[in-house]
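K.L.:
Here's a structure for you.
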Amino acid sequence: DAGITQSPRYKITETGRQVTLMCHQTWSHSYMFWYRQDLGHGLRLIYYSAAADITDKGEVPDGYVVSRSKTENFPLTLESATRSQTSVYFCASSEGPTAFFGQGTRLTVV
Amino acid sequence: KQEVTQIPAALSVPEGENLVLNCSFTDSAIYNLQWFRQDPGKGLTSLLLIQSSQREQTSGRLNASLDKSSGRSTLYIAASQPGDSATYLCAVRSLNSNSGYALNFGKGTSLLVTP
């Protein structure tokens, strides 16, 4: 199916564990983004990528790592999960004026 | 840094009313502005996109306007229905962005339309 897909949709992990959230898009858009959405904060940019092998930090990058070896994939890794990283994570892609969003991953760190 | 503010934070109206959601932004050097709808526990659905050179966009009962010089946009919903109940997000793509033209979001307006 065409579009942008995030996996898993729901994840519960323990403090200190490494966890990777996956994002895949089928359009070959150059730009991809990771946001987190928290009550009282709205959506905040974690990392973005302008093309394969080009990534850069957004507003709240601490504790996260990204990679982009292929244009279509943009995984987000929490190296050592903390409770403060409990959130809903959204991946997005764009090529031109419109941004398209995945359905989100709800991550709970216990 | 671009700051986006949405007022009101929450709104409850009876079915059939026309309503206006407000969005303001601090840096008028924008590429475009986008309105999204988000249902509880769901992703973001794009409603309307206004380019910086445009004044308004319409889709069905929705009309979005843009006044770039004053840093304001409004989303007008005509003849509201219970199915319009959702959170509405305003997002701005800035020309002066150092984040790959990422969208800057407001915190949203939570709308409840009662039958």
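K.L.:
Bin all alpha-carbon pair distances of the range A:1-68 at 10 Å intervals from 0 and give each bin's fraction as a whole percent.
P.N.:
Going out from 0 Å in 10 Å bins, the range A:1-68 shows 17, 48, 32, 4 percent.
K.L.:
Just the number, please: percent antiparallel of the DSSP beta bridges in the range A:13-110, rounded to the nearest 5.
P.N.:
Counting only bridges with both partners in the range A:13-110, antiparallel ones make up about 95 percent.
K.L.:
Anything over 27 Å Cα to Cα? Flag those among A:LYS11/B:LYS107; A:LYS70/B:LYS68; B:LYS1/B:LYS107; B:LYS68/B:LYS107; A:LYS70/B:LYS1, in the order listed.
P.N.:
Checking Cα-Cα distances, A:LYS70/B:LYS68; A:LYS70/B:LYS1 exceed 27 Å.
K.L.:
Tally Lys/Arg at +1 and Asp/Glu at -1 over every other residue whose Cβ is under 14 Å from the Cβ of A:CYS23; what's the total?
P.N.:
It works out to a net charge of +4.
K.L.:
Taking a quarter of the surface of the Cα convex hull of the range B:21-64, what do you get in nm²?
P.N.:
3.9
K.L.:
Counting Lys and Arg as +1 and Asp and Glu as -1, what is the net charge of the other residues whose Cβ lies under 12 Å from the Cβ of A:THR82?
P.N.:
Net charge around A:THR82: -1.
K.L.:
Something else about it: With θ set to phi - 60° and the Karplus curve 6.51 cos²θ - 1.76 cosθ + 1.60, what are the ³J(HN,Hα) couplings of the range A:100-110 in order, to the nearest whole Hz, using x for Gly and Pro?
P.N.:
For the range A:100-110, the Karplus curve yields 10, 10, x, 7, x, 10, 8, 10, 10, 10, 10 Hz.
K.L.:
Give a quick list of trypsin sites (Lys or Arg not before Pro) in the range A:6-110 that DSSP marks as loop, anything other than H, G, I, E or B, with at most 15 other Cβ atoms within 10 Å.
P.N.:
Sparse-neighbourhood loop trypsin sites (Lys or Arg not before Pro): A:ARG9, A:ARG17, A:LYS70.
K.L.:
Another question about this same structure. Lys and Arg at +1, Asp and Glu at -1: add these up for the other residues within a Cβ distance under 11 Å of B:LEU11 and post the number.
P.N.:
-2
K.L.:
Now a separate question. Can you run phi through the Karplus equation (6.51, -1.76, 1.60; θ = phi - 60°) for the range B:46-52 and list ³J(HN,Hα) in whole Hz, with x for Gly and Pro?
P.N.:
Ordered by residue, 3J(HN,Hα) equals 6, 9, 8, 10, 10, 6, 4 Hz.
K.L.:
On average, how much area does the Cα convex hull of the protein assembly as shown cover when viewed from any direction, in nm²?
P.N.:
Taking a quarter of the hull surface, the average projection is 12.1 nm².
K.L.:
Given Cα pairs under 8 Å that are at least 6 residues apart, what percent is the relative contact order of chain A?
P.N.:
Relative contact order comes out at 36 percent.
K.L.:
Further question: What average count of beta carbons from other chains do you get within 10 Å of the Cβ of residues in B:29-36?
P.N.:
What the average comes to for B:29-36 is 1.
K.L.:
Per residue of B:97-110, count partner chain C-beta atoms within 10 Å of its C-beta, then hand back the mean as an integer.
P.N.:
Partner Cβ neighbours, averaged per residue: 6.
K.L.:
Follow-up question, since we're still on this one. Collect residues whose amide H, placed 1.01 Å from N in the peptide plane, falls under 5 Å from the amide H of A:TRP27; neighbours closer than 5 in sequence don't count.
P.N.:
For A:TRP27, the qualifying residues are A:GLY3.
Any read-out appearing in this document is the output of simple, stated calculations on the displayed coordinates, not a laboratory observation. Computed from a predicted structure; not experimentally measured. Note that each Cβ is placed from the backbone with ideal geometry, even for glycine, and that neighbours are counted across all protein chains shown.
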